[in-house]
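Inspection log for the structure reproduced underneath, given as structure tokens.
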Amino acid sequence: MEVYLDNAATTKVDQTVCDTVMEMMQKDYGNPSSLHTKGFEAEKAVRAAAHTIARCLKVDDKEIVFTSGGTESNNMALIGAAMANQRRGKHIITSSIEHASVYNPLIFLEEQGFEVTYLPVDKKGVVRPETLKKALRPDTILVSIMCVNNEIGTIEPLDQLGKIIKSCNPETLFHVDAIQGFGKRKIYPRKLGIDLLSVSGHKIYGPKGVGFLYIRDKVKVHPLILGGGQQQDRRSGTENVPGIAGLAKAAELAYTDFEEKQERMYKLRDRLIAGLSSIDGVVIHGYLSRPEGVGEFEGPAPHIVSAGFDDIRAEVLLHALEERGIYVSSGSACSSNHPAISGTLKAIGVERKYLDATLRFSLSQNTTEEEMDYCIEQLQALVPVLRKYTRGGKR
């Protein structure tokens, strides 16, 4: 049996999305900037995609900018907004558990003379609203907080954070990395006070190499890619029409039967956690279960479980599971080529022995109970055996 539990890294493309992409590649293959009919048809497809996505967010079509994916969207939001608004100040706030595609642009901005404040989080990985309030200053031009943490699945209280930012200074921009959150939460930027929102297609059963950045109307963002002036001069380059059409279809499908899919994944998450908790020496990082009576932006996301295994290196267990057809990860896929101790696990105060002994299991809307049970059975069989080698000095 093959059990793919690395959906936070990437998802299998939905067949309907595949069909949409193929149709665009073979039918509406013109350049959207061309003046003839083929060009018009391609431009029409791009406009239709923007409309579909804007409807999901309840924003205007013109506020959607298509990019090559989440990393570019985050770079454009952070570097572009900072450069365009630096006359008002050079102070930026973020959290201590952000993705590398947020951290590294901020490191670049620090080298350019900007000051960045990194907020701590609690043991669940939550940015406490009062901590943000204390950090805000008159010269704070940008706050960047992710929607869902990509390693432990904690949902950040965006509703509370947005209110605090705008009540302190309406001109301070609020950027949200929603790459793990889009499709898992209903995110309405205007309601939440969000000015910039990053999304990637391949996290929502869409194609790789395409994403979008929501930019609230009137928000100034310096373009990072210069050229032919496509997308209202905000992001030059010939649009990836098939990818954009596939992204829009994936976004539409993500919010079809939304509640039903979310509840199903939560039940599978509970099933996995129950199985993991039955094994000695296993701890769950972040939220163990959903708190009762909480809002939309509190608790765990439905698709991510982070578990630490005492006395077993993550890489060893990962490959042992792989031999049995189970695919998981030992952290963020974007940093897998540069192994390092997780900053997120450090930030939430995880015991040292679990820092290199943690696996991430990430579910999809297609994960089955049978697959979940098979994964649990294999873990229950593998963990005691691997520990014998570790404790016998053969690690």
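The values are calculated or read from the model by the stated rules, or taken from the named source; none is laboratory data. This is a predicted model, so every value here is computed, not measured. Cβ atoms come from the backbone with ideal geometry, glycine included; neighbour counts cover every protein chain shown. Heads up: the accessible areas ignore ligands, DNA and RNA and are worked out on the full protein's heavy atoms, side chains in. Shrake-Rupley method; radii C 1.70, N 1.55, O 1.52, S 1.80 Å.
At a probe size of 1.4 Å, how large is the accessible area of residue 88, to the nearest 10 Å²?
My reading of the accessible area for residue 88 is about 90 Å².
In terms of solvent-accessible area of protein heavy atoms at a 1.4 angstrom probe, what is the ranking of 38, 123, 184, 44, highest value first?
123, 44, 38, 184
Exceeding 18 Å between C-alpha atoms, which entries from my cross-link table qualify? They are 90/220; 12/249; 124/267; 133/166; 134/166.
124/267
Determine which residues of region 162-200 fall in the zone a paramagnetic label at residue 260 would reach in this model, i.e. backbone nitrogen under 19 Å from the point 7 Å along Cα→Cβ.
Within reach of a label on residue 260: 183-186.
Which label marks the calculated value of percent of Cα pairs over 32 Å apart, given the options [x] 46; [y] 29; [z] 36?
From the options [x] 46; [y] 29; [z] 36, the structure gives [z].
Which order do peptides 60-69, 133-142, 106-115 fall in by mean Cβ count within 10 Å, highest first? Could the numbers behind the result be given before it?
Working: 60-69: 21.3, 133-142: 16.9, 106-115: 14.0.
Top to bottom by mean Cβ count within 10 Å: 60-69, 133-142, 106-115.
Would you please give the FRET efficiency between residue 139 and residue 208, computed as 1/(1 + (r/R0)^6) with r the Cβ-Cβ distance and R0 = 25 Å, to the nearest 0.05?
Details: r = 38 Å, r/R0 = 1.53.
It comes out at approximately 0.05.
What nm value, rounded to one decimal, do you get for the distance between residue 33 and residue 294 when each label is placed 7 Å out toward the C-beta?
With each label placed 7 Å out from Cα toward Cβ, I get 4.7 nm.
Pairing the Cα long axis of helix 15-26 with the longest principal axis of the chain, what angle in degrees results, from 0 to 90 and rounded to the nearest 10?
Helix 15-26 and the main axis of the chain meet at about 40 degrees.
At 0.36 nm per residue, and after removing the present C-alpha to C-alpha distance, how many nm does the segment from residue 159 to residue 108 gain when stretched out fully?
Contour length minus the Cα-Cα distance gives 15.5 nm.
When the chain is fully extended, how far beyond the present Cα-Cα distance does residue 311 get from residue 186, taking 0.36 nm per residue of separation?
41.1 nm
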